[in-house]
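Working notes, beginning with the structure itself.
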C-alpha cells in the first residue's frame with residue numbers, strides 16, 4: 001500500500017514538472033518573443049531592407065497551399081519578376097520542396113501543405129539579380145521530453161504498421177448445461193417403484209444406483225443406475241408409485257457448460273459456426289474463451305436466435321443460469337496500416353497520434369477507417385514505420401496544450 005502511494009506521488013511530481021516547463025522538459029511551440037508581423041493577406045511578413053515577402057497558407061475553398069505576395073519599397077512587385085522557392089523541413093518526415101508560379105498579383109505554390117503545419121520554413125527569392133533568404137520555425141503540436149522523464153511517466157510507444165483486426169458483436173445471455181450432457185431416466189420395464197435413492201439437487205456418480213423397480217411383467221426387482229456423473233435436476237417419482245412410461249429423473253453434468261447468447265436479426269447473418277467468442281462473467285476477472293458450437297434455426301418469442309458457445313478451461317464453481325455477455329467475432333482481416341486505439345487524442349478538429357522522433361513528439365493528423373478491438377485502421381496521415389505514443393498519450397497532449405503552440409498561417 002505504501003509503495004503504491006509513493007509511486008503515485010512520484011508520478012504526480014513528474015507530471016507537475018513536465019507541465020510547469022521546468023527542468024529539462026520544454027515545449028517546442030511557436031517562436032518565443034513577439035508575434036510575427038502579419039501582412040494584409042494574414043500571411044507572415046519577411047523583410048530585408050525595402051524588399052518584403054508575405055507568405056500565407058491559403059485554404060479558402062481549396063486544400064491548403066502557399067500563396068506569396070512580394071513588394072519592394074511598399075509597392076507590389078509583378079510576380080513574374082520573382083523566382084521563389086520554399087523548403088519545409090518536417091520532423092522525421094523529410095523535406096517538401098515547393099515551386100511557385102505567377103497567378104494574378106501573387107505567386108501560387110505547386111503542392112498541398114498537408115497537416116500538421118509544423119516545420120522549419122526556408123524561403124529563397126531572387127529579384128533583379130539579388131537573392132534573399134529567410135529561415136524560421138513554424139511549429140505546432142510539438143513538444144520535447146527527455147527520455148528519462150518519458151520513461152518515468154510510462155510514455156509507451158509502438159511502430160505504425162499492419163495489423164490483423166477482429167470485429168466483434170456483443171450479445172447477452174446465460175450459462176446453460178450442454179444439452180448433450182443431460183440424461184432423462186425412465187424405466188426399461190414399467191412397474192412399482194420400491195425405492196428412490198437420490199434427492200433433487202444431489203450430486204451422483206456414473207453407475208450410482210438411483211431407483212429400485214419391481215417389474216410388472218415378471219415381478220423381478222431391478223435397479224436403474226446413473227448413466228453419467230452429474231446433478232439430479234428433476235425428480236418426478238416417489239416410492240410406491242407406478243413408473244407409467246414417464247421420465248422419472250433427470251441428471252445433468254453441470255460442469256459441461258455452454259454460454260447461450262441471444263443474437264438479433266441484424267447480426268444473425270454474420271455469425272458463423274466455429275467463430276471465436278470471448279465470454280464475460282461477472283464473477284471472473286478474465287473472460288473465458290470459446291467458439292460458436294450451435295446456431296438455432298428458429299427464433300425465440302423475443303425475435304432473437306440462440307447461439308450456443310462451447311467454453312474452454314471452465315473454472316469450478318460456475319452455476320448454470322449465470323448471466324453472461326459474449327463478444328462474437330463477425331469478421332477478421334489484415335490491414336496495411338493501423339494504430340492502437342489507446343494512442344488516439346483530439347487536436348483541434350482532428351483525431352491524432354503523437355509521433356516520436358528522438359526526444360521530440362509531434363501530432364500526426366489521421367484519416368481513420370474501420371475500428372476493431374484495440375485497433376483502428378489508418379487510411380492516411382502517418383507513414384509505416386513511424387514510432388508513436390500508445391500509453392499515457394494524454395501527458396503529451398497536456399504538455400502541448402500548456403505550451404500554447406499556435407496554428408500559424
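Coordinate-derived values only; no laboratory data. None of these values were measured; they are calculated from a predicted model. Here the Cβ positions follow ideal geometry from the backbone for every residue, glycine too, while neighbour counts run over all protein chains shown.
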Item to complete: Take the Cα of residue 344, step 7 Å along the line toward its Cβ, and report every residue of the range 144-168 whose backbone nitrogen sits under 20 Å from that point.
Response: 156-168
Item to complete: Arrange 69, 134 by Cβ neighbour counts within 10 Å, fewest through most, would you?
Response: 134, 69
Worksheet item: Which FRET efficiency value, to the nearest 0.05, is calculated for residue 323 and residue 383 with the Förster distance at 41 angstrom and r the Cβ-Cβ distance?
Response: 0.35
Practice prompt. Starting from the Cα-Cα distance between residue 302 and residue 156, subtract it from 0.36 nm times their residue separation and give me the gain in nm to one decimal.
Written response: 47.9 nm
Worksheet item: Considering the chain as a Gaussian network with a 10 Å cut-off on Cα pairs, which listed residue, 72, 392, 138, attains the greatest mean-square fluctuation?
Response: 72
Worksheet item: What angle do you read, to the nearest 10 degrees and between 0 and 90, between the alpha-carbon axis of helix 393-403 and the longest principal axis of the chain?
Response: 30 degrees
Worksheet item: Using the 10 angstrom Cβ neighbour count as an exposure proxy, how do 267, 243 rank, fewest first?
Response: 267, 243
Discussion item. Report the gain in length on full extension from residue 203 to residue 97: 0.36 nm times residue separation, minus Cα-Cα distance, nm rounded to one decimal.
Written reply: 30.1 nm
Fill in: Computed [θ] at 222 nm, helices only, for the chain once each DSSP H run of length n ≥ 4 contributes -39500 (n - 2.57)
-2500 deg cm²/dmol
Practice prompt. Can you check how the C-alpha radius of gyration of the range 268-391 compares to 2.2 N^0.38 Å, as a plain ratio?
Written response: 1.45
Worksheet item: Could you give the angle, 0 to 90 degrees to the nearest 10, between helix 2-20's Cα long axis and the longest principal axis of the Cα atoms of the chain?
Response: 30 degrees
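FRET efficiency for residue 219 and residue 183, Cβ-Cβ distance as r, R0 = 22 Å, nearest 0.05?
0.20
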Item to complete: Tell me, rounded to the nearest percent, the portion of alpha carbon pairs in the range 179-252 spaced more than 22 Å apart.
Response: 16 percent
Worksheet item: Label points 7 Å out from Cα along the Cβ direction at residue 312 and residue 76: separation in nm?
Response: 7.1 nm
Worksheet item: What's the Cα-based Rg to Rh of the chain, Rh via Kirkwood?
Response: 1.30
Response to the item:
FRET efficiency (residue 244, residue 267; Cβ distance; R0 56 Å; to 0.05) is 0.80
Discussion item. If each residue of separation counts as 0.36 nm, what is the full-extension length gain between residue 367 and residue 286 once their alpha-carbon separation is subtracted?
Written reply: 25.8 nm
Item to complete: Report, for the range 179-252, the % of DSSP beta bridges that are antiparallel, rounded to 5.
Response: 100 percent
Worksheet, complete the sentence: Going from the fewest other Cβ atoms within 10 Å to the most, one would list 147, 118, 169 as 147, 169, 118
